[in-house]
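Data block below; observations after.
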Amino acid sequence: MLNETSGASSAPLAPDDVWAIIPTLNERETLPRVVEQTLPYVARILIVDGASTDGTREWVEEQIAKGVSLQLEVVTVRGKGRALRRALKLVPVRWTVMLDADGSHVPSDIPRFLEPLRQGEADMVVGSRWTGGSDELHGDMNMWLRRMGSQVLTRLVNLRWGADLSDIQNGYRALSTHIGRRIGLASPDFNIEQEMVMKFLAGGYRVTNVPSHEYARQGGVAKLDLGQVWFRFGVVVLRHLFGLSRPKLRRRPRRNRAKRRSETI
């Protein structure tokens, strides 16, 4: 059971300008621990549930009734991309953290994700499993394919936009809510993670990585079947690489300070 004051003034950070989004689909087993570990670092957690049948929604509703800083949004049409796009429309604060409900991400890393945003050094920060380590990218053939595919896609993105990223597919990230909401995200499923990075880069926004370890799923059943989605991953990347899918928002270049001063003299 959660402490009913979690996320309130007793939290060590609890910044008013940060919300977390956690998409769920039958994650009753792992969600309570993830929520408890995340609340100290954000003002509120928005749970976007894809019509779970294992008691996930009921548990969230119970916690809300107890005063825990949660908000529930239920989407009837499933898909991680749909859930995240819907959630971004509801977040009223400057920064958004996205993480999974399966216990694979480390919520205590959230301050590390927010630091480049607060310092004005980035518009999105993605956790890197290559520098932080991963229990999900090593093992059987499916994991090997994920690892190789991720490296190839990341290299293509770096070449196209002159970036220096080590991971574009990790769902653990923090970003400007305003940009995420208006950049023109369209992917309905897991493709949204690389679409988000590519649209930010194509719009002139800054994306960086910070190390973050990815642990093996702590319970429940994985929703990503690489055999079913790898082709769509490739199509999404190619469309963006060749400019067939463009951002709806672009970063305005900052004018040189000296030039501004001269204009005011």
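Once the convex hull of the alpha carbons of the stretch 16-152 is built, what does its volume come to per residue, in cubic angstrom? Walk me through the numbers on the way to the answer.
Values: hull volume 18.3 nm³, N = 137.
Per-residue hull volume (Cα only) is 134 Å³.
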*Nearest 20 debye, what's the magnitude of the dipole of the stretch 18-245 about its Cα centre given +1 on Lys and Arg Cβ and -1 on Asp and Glu Cβ?*
860 debye
*Considering only Ser52, Leu39, Val93, whose Cα is most displaced toward the positive end of the charge dipole of the stretch 18-245, charges sitting on Cβ of Lys, Arg (+1) and Asp, Glu (-1)?*
Val93
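How much net charge surrounds Arg112 when only the other residues with a Cβ under 15 Å from the Cβ of Arg112 are counted, with Lys and Arg +1 and Asp and Glu -1?
Charge balance in the 15 Å sphere: -2.
Around Arg160, with a cut-off of 14 angstrom between Cβ atoms, what is the net charge of the other residues, counting Lys and Arg +1 and Asp and Glu -1?
On the way: positive: Arg155, Lys199, Arg239, Arg246; negative: Asp164, Glu195.
Neighbourhood net charge equals +2.
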*From the P(r) of the stretch 18-245, can you give the percent of Cα pairs sitting at distances over 29 Å?*
21 percent
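Which of the peptides 203-215, 69-81 is most tightly packed, and how do the rest follow, judged by the mean count of other Cβ atoms within 10 Å per residue? Walk me through the numbers before you get to the answer.
Values: 203-215: 19.4, 69-81: 16.7.
The most tightly packed comes first, giving 203-215, 69-81.
Using DSSP, restrict attention to beta bridges with both residues in the stretch 18-245 and report what percent are antiparallel, rounded to the nearest 5.
Values: 7 of 28 bridges.
Within the stretch 18-245, antiparallel bridges account for around 25 percent of the total.
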*Any chance you could run the full-extension gain for Arg33 through Asp54? It's 0.36 nm times the residue separation minus the Cα-Cα distance, nm to one decimal.*
5.9 nm
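In a shell of Cβ-Cβ distance under 9 Å around Asn170, excluding Asn170 itself, what net charge do Lys and Arg (+1) and Asp and Glu (-1) give?
On the way: positive: Arg129, Arg173; negative: Asp167, Glu193, Glu214.
Charge balance near Asn170 sits at -1.
None of the figures in this text is laboratory data; all of them are computed from the coordinates on show. In this text, all values refer to a predicted model and were calculated from it rather than measured experimentally. Virtual Cβ from ideal backbone geometry, glycine too; neighbours counted across all protein chains shown.
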